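All remarks here apply to the structure that follows.
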Amino acid sequence: MAKRRGRNRYAYFAPSMHAGLVEKLDLAEDLRGAIERHELQVYYQPLVDLAGGAIVGAEALVRWTHPEKGPIPPDRFIPVAEETGLILPLGYAVLNTACRAAAAWQHPVPLRISVNLSPRQVQDPAVGLYVRQTLLHSGLPPESLTLEITESLLSEDHEVAASRLAELKALGVRLAVDDFGTGYSSLSRLQSFPIDILKIPKPFVDGVAFGPGQSALARAILDLADALGLQVVAEGIEDAAQAAELRRLGCPIGQGFHFSRAVPAGEFGALLSRGAFAPA
Ligand code: C2E
Ligand code: MG
Ligand code: MG
Ligand code: MG
């Protein structure tokens, strides 16, 4: 938004800026409608035990097909949802849908469900209450729910985030740091937060099979997790060589197109009953 200048409220937008703003406002308006009409969908990407190939969990990923524009990727509309506050109703809808779906996937073995929480949700005073009620209403055991937070929450020095995360953790859920190492965070803060899992981001997985130089960052995260007693999940695994190398480096769990993309709940259920993938 343009700032007030002096006593006048005039400000000028470059035409391109204006077009961008209008497009964003349009998208926000359409998104608001889509949330109200329950048009957003939740897809599930398997989390795989690299040693045995079994599906041990799923990450819930929101999907939006715009009636005119077709599918819009989350990387485009999540930032808009963040800026407008729509991330709160959107995020809680995803949480609710994912927990209900996962409650049906607890037998014969418990399956873990991961749900992304945006920084704005973590700052919401009601987040603990929402998560607790969602667990109660869905019947999902708290230990089967993992909340994925962004690394930025560990670096910003707001005590709010720290106390909210402690409150969430007290519900019995697990906390994962998404895309660890791509944002700034101080390692000392990592130890003072109740984190359970570090997720190795796709860029660190891309070159993992090309030798020690290219696998250095993935190995660094595995070492750090080992030293701090944290679990690790690698994401963005696209081929068998990456899966095998990650397994060799001691990474227990992975997700990526090599195994499966995110799929609708029905298809995920079918994947589960089909059994394990080939071990890495
Ligand atoms: P993320 O949480 O890091 O999710 C992983 C992203 O990597 C997903 O993209 C997934 O489809 C993609 N991915 C997984 N394996 C592979 C692979 O092997 N190759 C490639 N090229 N990509 C892979 P997606 O679904 O487009 O989501 C993008 C981001 O949008 C997510 O990154 C997350 O930050 C955000 N997001 C998605 N759903 C939600 C949600 O419900 N709430 C919030 N707050 N954010 C969400
Ligand atoms: Mg994630
Ligand atoms: Mg990620
Ligand atoms: Mg990401």
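The values are calculated or read from the model by the stated rules, or taken from the named source; none is laboratory data. A quick note: this is a predicted structure, and the numbers were derived from the prediction, not measured. Cβ placement follows ideal geometry from the backbone for every residue including glycine, while neighbour counts extend to all protein chains displayed. The protein model used for the area step is the full one, side chains on, heavy atoms only, and it has no ligands, DNA or RNA in it. Shrake-Rupley method; radii C 1.70, N 1.55, O 1.52, S 1.80 Å.
A few remarks follow.
- Residue-averaged 222 nm ellipticity for the chain, from DSSP H runs of 4+ at -39500 (n - 2.57), nearest 500: -14000 deg cm²/dmol
- Debye, to nearest 20: dipole size of segment 66-119, +1 on Lys, Arg Cβ, -1 on Asp, Glu Cβ: 240 debye
- For segment 24-154, the solvent-accessible area with a 1.4 angstrom probe is 44 square angstrom per residue.
- The chain - convex hull of alpha carbons, volume per residue in Å³: 166 Å³
- Toward the positive end of the charge dipole of the chain, with +1 on the Cβ of Lys and Arg and -1 on the Cβ of Asp and Glu, the farthest Cα among 56, 93, 42 is that of 93.
- Top positive-direction residue, dipole computed over segment 144-280 with Cβ charges, set 243, 276, 204: 276
- Along the chain, longest interval not containing exposed chymotrypsin sites (Phe, Trp or Tyr not before Pro), exposed being DSSP loop plus at most 10 other Cβ atoms within 10 Å: 13-183
- Across segment 128-244, the mean sequence separation of Cα contacts (distance under 8 Å, 6 or more residues apart), normalised by length, yields a relative contact order of 22 percent.
- Under the span-like rule (Cα at least 18 Å along the axis, Kyte-Doolittle mean at least 0.0), DSSP H helices of the chain: 87-103, 212-228
- The amide H of residue 174, built 1.01 Å from its N in the peptide plane, has 145, 146, 147 as neighbours under 5 Å, considering only residues 5 or more places off or on other chains.
- Excluding same-chain neighbours fewer than eight residues apart, the aspartates and glutamates reachable from residue 69 by a Cα-Cα span under 13 Å are 23, 26, 30.
- For the chain, share of DSSP beta bridges that run antiparallel, in % to the nearest 5: 45 percent
- Accessible surface of segment 96-247, 1.4 Å probe: 54 percent of it comes from carbon and sulfur atoms.
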